[in-house]
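A.B. asks: Below: one structure in structure tokens.
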Ligand SMILES: Cc1cc2nc3c(=O)[nH]c(=O)nc-3n(C[C@H](O)[C@H](O)[C@H](O)COP(=O)(O)OP(=O)(O)OC[C@H]3O[C@@H](n4cnc5c(N)ncnc54)[C@H](O)[C@@H]3O)c2cc1C
């Protein structure tokens with residue numbers, strides 16, 4: 001990693017000022033766990049970073065019992081998600097996944113917003129949030145819009161955000177009964193993540209990490225042929241953890257085990 005070039009810093013606790021500052025040359029900065037190494041490698045060369053961490057609204061976690069959802073600010077760290085009593089109660093699978101992200105440093109500084117907006121395929125949070133059908137609130141100086149996390153993360157290192165937009169928060173419906181998340185991981189990031197929601201009549205399956213972005217499908221319970229077709233059709237990539245066919249066979253085995261042992 002080389003020496004960082006000269007860099008400006010915009011720091012404010014006012015969301016309006018932050019929004020007015022963000023553009024292609026002035027990029028959002030939260031924990032810096034992805035952005036700083038990318039700048040060090042010369043892959044990103046912004047004129048300035050716009051610090052999001054001082055904006056109170058971006059650091060909030062709010063449980064809305066009436067709506068049956070938890071709103072998590074974009075600058076909330078993995079560690080806070082893992083430890084928050086409301087998240088642990090209503091979204092235990094998400095809390096556990098956040099508690100197993102990377103290492104203690106990444107969990108203490110890395111944020112949910114940075115995870116989704118960097119859109120590194122090997123993400124636990126994107127897979128779990130898409131499985132939970134979470135939505136995201138996105139804002140710029142031009143206004144606000146709400147979109148599914150599934151529409152926010154659109155490819156490897158690719159989101160649907162414009163250069164002047166930031167992710168403000170993610171709203172996650174309370175976890176349904178019968179949900180689980182499992183990951184295959186040999187090194188620092190997951191190589192395969194699988195979220196499953198099993199109900200009496202449905203199998204909801206979301207696969208992440210091994211694919212460019214998480215892929216979700218819903219099958220009728222017991223549709224083993226559909227399950228095989230789904231696994232066969234995934235565009236799984238090879239990495240240091242193994243070839244695509246290895247990951248596909250692990251995926252098939254895991255799905256059969258989870259779904260066939262479901263009550
Ligand atoms: C060693 C290591 C291990 C890891 N292991 C895992 C793992 O096991 N599972 C997993 O899921 N992840 C893992 N990660 C990824 C980790 O979750 C992310 O690095 C972290 O969440 C990024 O958040 P950040 O706040 O540091 O983002 P930053 O580095 O600050 O930002 C990342 C990118 O997102 C943009 N951005 C940040 N916030 C916003 C926002 N609110 N709106 C718009 N754009 C924004 C920035 O401009 C930048 O492009 C690992 C990372 C590392 C370095």
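A.B. asks: Can you confirm whether segment 64-71 contains a residue that is out of contact with any helix residue (DSSP H, G or I) (no Cβ under 7 Å at 6 or more places or on another chain) and near the ligand (Cβ under 9 Å from one of its atoms)?
C.D. replies: Residues of segment 64-71 out of contact with any helix residue (DSSP H, G or I) (no Cβ under 7 Å at 6 or more places or on another chain): 64-69, 71.
From the residues that got through so far, the ones that are near the ligand (Cβ under 9 Å from one of its atoms) too are none.
The answer is no, given that none of the residues of segment 64-71 is out of contact with any helix residue (DSSP H, G or I) (no Cβ under 7 Å at 6 or more places or on another chain) and near the ligand (Cβ under 9 Å from one of its atoms).
A.B. asks: From the list 239, 164, pick out the single residue that is under 24 Å from the mean Cα position of the chain (by Cα), farther than 15 Å from residue 124 by Cβ and in the same structural domain as residue 149 (by TED's automatic domain parsing).
C.D. replies: On the way: 239 fails: in the same structural domain as residue 149 (by TED's automatic domain parsing).
Selected residue: 164, the only one of 239, 164 that is under 24 Å from the mean Cα position of the chain (by Cα), farther than 15 Å from residue 124 by Cβ and in the same structural domain as residue 149 (by TED's automatic domain parsing).
A.B. asks: Here's something else I'd like to know. Being within 13 Å of the ligand (Cβ to nearest atom) and within 22 Å of residue 255 (Cβ to Cβ) narrows it down to one residue among 97, 82, 104; which is it?
C.D. replies: Numbers: 82 fails: within 22 Å of residue 255 (Cβ to Cβ); 104 fails: within 22 Å of residue 255 (Cβ to Cβ).
Just a single option satisfies the conditions, and that option is 97.
A.B. asks: Kindly establish whether residue 189 is within 14 Å of the ligand (Cβ to nearest atom), touching a residue at least 40 places away in the same chain (Cβ under 8 Å), outside the structural domain of residue 101 (by TED's automatic domain parsing) and over 16 Å from residue 94 (Cβ atoms). Full working, then the answer.
C.D. replies: Values: within 14 Å of the ligand (Cβ to nearest atom): yes; touching a residue at least 40 places away in the same chain (Cβ under 8 Å): yes; outside the structural domain of residue 101 (by TED's automatic domain parsing): yes; over 16 Å from residue 94 (Cβ atoms): yes.
Criteria met by residue 189.
A.B. asks: Which one of these is out of contact with any strand residue (DSSP E or B) (no Cβ under 9 Å at 6 or more places or on another chain) and under 21 Å from residue 177 (Cβ atoms): 88, 79, 96?
C.D. replies: On the way: 79 fails: under 21 Å from residue 177 (Cβ atoms); 96 fails: out of contact with any strand residue (DSSP E or B) (no Cβ under 9 Å at 6 or more places or on another chain).
That would be 88, the only listed residue that is out of contact with any strand residue (DSSP E or B) (no Cβ under 9 Å at 6 or more places or on another chain) and under 21 Å from residue 177 (Cβ atoms).
Results for (1) surrounded by fewer than 17 Cβ atoms within 10 Å (Cβ to Cβ); (2) in the same structural domain as residue 101 (by TED's automatic domain parsing); (3) assigned to a loop (DSSP other than H, G, I, E, B), shown as yes or no for each residue.
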{"position": "28", "(1), (2), (3)": "no, no, no"}
{"position": "31", "(1), (2), (3)": "no, no, yes"}
{"position": "42", "(1), (2), (3)": "yes, no, yes"}
{"position": "46", "(1), (2), (3)": "no, no, yes"}
{"position": "63", "(1), (2), (3)": "no, yes, no"}
{"position": "66", "(1), (2), (3)": "yes, yes, yes"}
{"position": "72", "(1), (2), (3)": "no, yes, no"}
{"position": "75", "(1), (2), (3)": "no, yes, yes"}
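A.B. asks: Can you give me the number of residues within segment 77-92 that are farther than 20 Å from residue 31 by Cα and surrounded by fewer than 19 Cβ atoms within 10 Å (Cβ to Cβ)? Break it down into steps so the answer makes sense when it comes.
C.D. replies: Taking segment 77-92 and keeping what is farther than 20 Å from residue 31 by Cα, we get 85-92.
Those still in the list that are surrounded by fewer than 19 Cβ atoms within 10 Å (Cβ to Cβ) too: 85-86, 88-89, 92.
Adding up the residues that qualify gives 5.
A.B. asks: While we're here: Does residue 24 count as more than 20 Å from the chain's Cα centre (by Cα) and more than 10 Å from the ligand (Cβ to nearest atom)? Break it down stepwise before answering.
C.D. replies: Numbers: more than 20 Å from the chain's Cα centre (by Cα): yes; more than 10 Å from the ligand (Cβ to nearest atom): yes.
It is true that residue 24 is more than 20 Å from the chain's Cα centre (by Cα) and more than 10 Å from the ligand (Cβ to nearest atom).
A.B. asks: Looking at segment 27-66, which of its residues are without any contact (Cβ under 8 Å) to a residue 12 or more places away in the chain and more than 22 Å from the chain's Cα centre (by Cα)?
C.D. replies: Matches in segment 27-66: 65, 66.
A.B. asks: Among residues belonging to segment 147-178 that are outside any loop (DSSP other than H, G, I, E, B) and within 11 Å of the ligand (Cβ to nearest atom), point out the one that is farthest from residue 197 (Cα to Cα). Step through it out loud before you land on a result.
C.D. replies: The first filter runs over segment 147-178 and keeps only residues outside any loop (DSSP other than H, G, I, E, B), leaving 147-155, 158-159, 166-173.
Those left that are additionally within 11 Å of the ligand (Cβ to nearest atom): 152, 159, 166-170.
Values: 152: 22, 159: 25, 166: 30, 167: 27, 168: 27, 169: 24, 170: 20 Å.
Ranking the candidates gives 166 first.
A.B. asks: From the residues in segment 134-146 that are assigned to a loop (DSSP other than H, G, I, E, B) and touching a helix residue (DSSP H, G or I) at 6+ places or on another chain (Cβ under 7 Å), which one is surrounded by the fewest Cβ atoms within 10 Å (Cβ to Cβ)? Outline the logic, then answer.
C.D. replies: Within segment 134-146, the first condition is being assigned to a loop (DSSP other than H, G, I, E, B), and the residues that meet it are 134, 141-142.
Retained after the next criterion (residues that are touching a helix residue (DSSP H, G or I) at 6+ places or on another chain (Cβ under 7 Å)): 134, 141.
Working: 134: 26, 141: 13.
Checked segment 134-146; the qualifying residue surrounded by the fewest Cβ atoms within 10 Å (Cβ to Cβ) is 141.
The values are calculated or read from the model by the stated rules, or taken from the named source; none is laboratory data. Computed from a prediction, not measured in an experiment: that's the story for all the values here. For neighbour counting, all protein chains shown are included, and Cβ atoms are generated from backbone atoms with ideal geometry for every residue, glycine included.
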